[in-house]
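Input: a single structure, listed below in structure tokens.
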Amino acid sequence: MATATASGPVRDTGIGALLRHRAVGKVLLLAVAAAVIVPILNAKWASGAWPDALTVDLTEPLGRTTDWIIDNRDSHPLFTYFFGHVSNAIVLSVRGVYLVLLGAGWAGVTVAAGLIAWRVAGVKLAVMASVSFAVCGLLGMWVPTMQTLALMIVAVLASVVVGLLLGLAGGLSDRVFRILRPVLDTMQVLPAYAYLLPFALVFGMGVPAAVLATVVYSAPPMARLTALGLRGADSGVMEAVTSLGATGRQRLLSARLPLALKELLLGVNQTIMMALSMAVIASVIGAGGLGDRVYQALSTVDVGQALAAGIPIVLLAVVLDRVTGAAGERMGTQTAEADASPLRGWRGWSLVAAVTVVAALAARFADRVDWPTGWVVNIAPSVNTAKDWMVDHLYTDVPVVGGTADWAAHFTTWILNPVRDGLQGLPWWSVLLIVAALAWLIGTWQTALTAVAAMAAIGVLGVWNKSLDTLSQVLAGVAVTLVLGFAIGVLASRSKRFERMLRPVLDVFQTMPQFVYLIPVVALFGIGRAPAVAAAVVYALPAVVRITTQGLSQVDGAAMESSRSLGATSWQQLRRVQLPLARPALLLALNQGVVLVLAVVVIGGLVGGGALGYDVVFGIAQGDLATGLVAGAAIVCLGLMLDRVTQPTERRVKKGA
């Protein structure tokens, strides 16, 4: 082993080395800035609460804007010649698709779903698709399912077109890609709730606003994956095509797009899943369909009806995810047997169309177009009976363990209230300093500046305390999610058998829309802030577990083997080797956990979560869009701040370093 000599480098472990440490330097700079600025701020605004002088009341101008839009929606040229046509086109498109689905009848739709799944994903998923649609009918949710499906089909087609065009622009132009990437990054971390109110303001409550919000929410993954697919095309293939004298258009159509086909299909898959999630949430602004059934049921705490509408949402999510995912995996892996099949290509699709038409006509001639009422199984009374039993036996005063309502009350009293009161008791400038320190330590000064600006904007909007209430719920939810997620992730990384058992559960949970998670927590815990946090934890947990497991499993085997050969115990390997080497993955898990928890916490306003989520619901329910818009803007700022605080950014390497 080499030994240090007098001429070799000597490691400085004193104060000098500490001061040269990047994190310490940042903290010292912030401390110096705080020492200068804080006394000035404290002298001017000593109360510690967000100063009224720095608050801009947007309620009045937004209220006037809302009134102007409502008064001029039928007469102003902007609405009559543009927004009106856009709205009519959307309504006609959704209604057209809906009438086609109703015209095909339950038999035609069920057969078509099975055959399409068979063509793109195989027999197993064909059976799953047909059974899932049949279950929607059995639960008495056929018409709402078709309403949601019609809205989704229109929204997904529009999202794919918009995403494809943006992705083409980003994939073919470096400048456009540099502009597009931060915009897509920001859009993908914002909660779905934040997209609703601007469209409701312009287009009013109803299907057009819901479709447009869904398009804007679900187009970014298509744009991103299209751009990445085009930019990642094999350079050797592109060079060969170029050397043959192909034009730019020929290179795009004959090489780039075919090489990016898998990314495009993955983009379609992600777009469909996000569109379903948004189409369900958009029920609060009049989208109708299954989401509206869940929304109405939750507002009256009718868990049975909520579950009857929630099951079809889950089934739709699972079927759409599996079918589109399997189609992407099968792309480019067609076997010689499949190529020789007489049903390949247009013949197979013609058979699908013919059998669907026959099934639809048979149902029509048999006067069975609508789902027979005699086949409906009403599960709501049974579910409500079970829920009443839970209320009587599990809510409170259960020996030793207490009841679920007791747990919710304890969590609220011991965790949520102290965290909320602690945050609201901090001077406003100290909150900004903490945000700046966290964002700068993990990222760069640009991310710190963005995070502080976003947090300050919340104060300017005049919803400082409500935002801190929401933030307290997010912090509590993230803490629980990380403790559970890291523990389960460590176990899964250590046991392949446990990881295999866990994988299908995570797959199902990750496909379910956010709205669905509110149903079981209302049944278990009632309404309030604790159930909203519980739903957020359940929603975010699968992503954290999956990322943690992958991060720990992908730690360099040589490092693990070296530590084992040195006699390290399993705990020492985890603490000294796996966790440090998996730090990027763990930070990503933290970031995703924060973003996902926030997305559901704000929806928790529907079940008594209060704070910003309640303001959005109140604004929509009472027609007070100004209040809702202010809360929506604060949610956007909060999401941006949390993402920047938890998003590690690679440090720029200096030239010559």
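The values are calculated or read from the model by the stated rules, or taken from the named source; none is laboratory data. Note that this is a predicted model, so its numbers are computed, not measured. Reconstructed Cβ throughout: ideal geometry from the backbone, glycine too, with neighbour counts over all protein chains shown. The protein model used for the area step is the full one, side chains on, heavy atoms only, and it has no ligands, DNA or RNA in it. Shrake-Rupley method; radii C 1.70, N 1.55, O 1.52, S 1.80 Å.
Before moving on, here are some points about what is shown:
- Here the 3J(HN,Hα) profile of the stretch 436-449, calculated from phi with Karplus coefficients 6.51, -1.76 and 1.60 at θ = phi - 60°, is 4, 5, 5, 5, 6, 5, 8, x, 10, 5, 5, 5, 5, 5 Hz, Gly and Pro shown as x.
- Inter-label distance for Leu99 and Val398, nm, one decimal - labels placed 7 Å from Cα along Cα-to-Cβ: 5.3
- For the chain, a simple Cβ point-charge model (Lys and Arg +1, Asp and Glu -1, everything else neutral) yields a dipole of about 2300 debye relative to the Cα centre.
- Rounded, prolate or oblate (a/c below 1.5 giving rounded, otherwise prolate when a/b exceeds b/c) for the stretch 143-190 by Cα gyration tensor: oblate
- Accessible area of the chain belonging to carbon and sulfur atoms, whole % at 1.4 Å probe: 66
- Structure-based [θ]222 nm, the chain - -39500 (n - 2.57) summed over DSSP H runs of at least 4, per residue, nearest 500: -24500 deg cm²/dmol
- The mean sequence separation of alpha-carbon pairs under 8 Å and at least six residues apart, normalised by the residue count of the chain, gives a relative contact order of 18 percent.
- 3J(HN,Hα) from dihedral phi, the stretch 197-208, Karplus parametrisation 6.51/-1.76/1.60, rounded to Hz, x for glycine, proline: 5, x, 6, 5, 5, 7, 9, x, 6, x, 5, x
- Anisotropy class of the stretch 121-257 from Cα gyration tensor, a/c 1.5 cut: oblate
- Label sites at Ala453 and Asp507, each approximated as a point 7 angstrom past Cα along Cα to Cβ, lie 4.3 nm apart.
- FRET E, pair Leu441, Gln622, Förster distance 45 Å, beta-carbon r, rounded to 0.05: 0.60
- Debye log10 I(q)/I(0) for the stretch 348-449, one point scatterer per Cα, at q = 0.12, 0.15, 0.18, 0.22 Å⁻¹: -0.75, -0.83, -1.02, -1.10
- Karplus-derived 3J(HN,Hα) values for the stretch 372-388, using 6.51 cos²θ - 1.76 cosθ + 1.60 with θ = phi - 60°, are x, 5, x, 8, 7, 10, 8, 8, 4, x, 5, 5, 5, 5, 5, 5, 5 Hz; glycine and proline are entered as x.
- Probe 1.4 Å, all protein chains present, accessible-area order of His393, His76, largest first: His393, His76
- Packing-based ranking, highest mean first, of 466-475, 379-388 given that Cβ atoms within 10 Å are counted: 466-475, 379-388
- Report note on the peptides 84-95, 236-247: ranked by the mean count of other C-beta atoms within 10 Å, highest first, their order is 84-95, 236-247.
- Rounded to the nearest 0.05, the FRET efficiency derived from the C-beta distance between Ala558 and Phe498 at R0 = 30 Å is 0.75.
- Computing FRET efficiency as 1/(1 + (r/R0)^6) for Ala89 and Val357, where r is the C-beta to C-beta distance and R0 is 25 Å, gives about 0.35.
- Amide H contacts for Trp371 (H built 1.01 Å from N in the peptide plane; partners 5 or more residues away or on another chain; cut-off under 5 Å): Trp106.
- Probe 1.4 Å, accessible area per residue of the chain, Å²: 49
- At the residue level, Asp397 shows approximately 130 square angstrom of accessible surface with a 1.4 angstrom probe and all protein chains present.
- Residues whose amide H falls under 5 Å from that of Gly140, counting only those 5 or more places apart or on a different chain, are Val377, with hydrogens built in the peptide plane.
- Translational diffusion of the chain, µm² s⁻¹ [Kirkwood Rh, Cα pairs; Stokes-Einstein; 4 °C; 1.567 mPa s]: 47
- Rg [Å, one decimal], Dmax [Å, integer] - the stretch 503-657, C-alpha atoms: 20.3, 68
- Kirkwood radius and radius of gyration were both taken over the C-alpha atoms of the stretch 160-235, and their ratio Rg/Rh is 1.07.
- Point-to-point label distance, Val183-Trp375, nm (Cα→Cβ direction, 7 Å offset): 4.7
- Lysine pairs with alpha-carbon atoms under 24 Å apart, the chain, spacing 8 or more or separate chains: 4
- Global form of the stretch 407-499, assessed from the alpha-carbon gyration tensor, a/c cut-off 1.5: oblate
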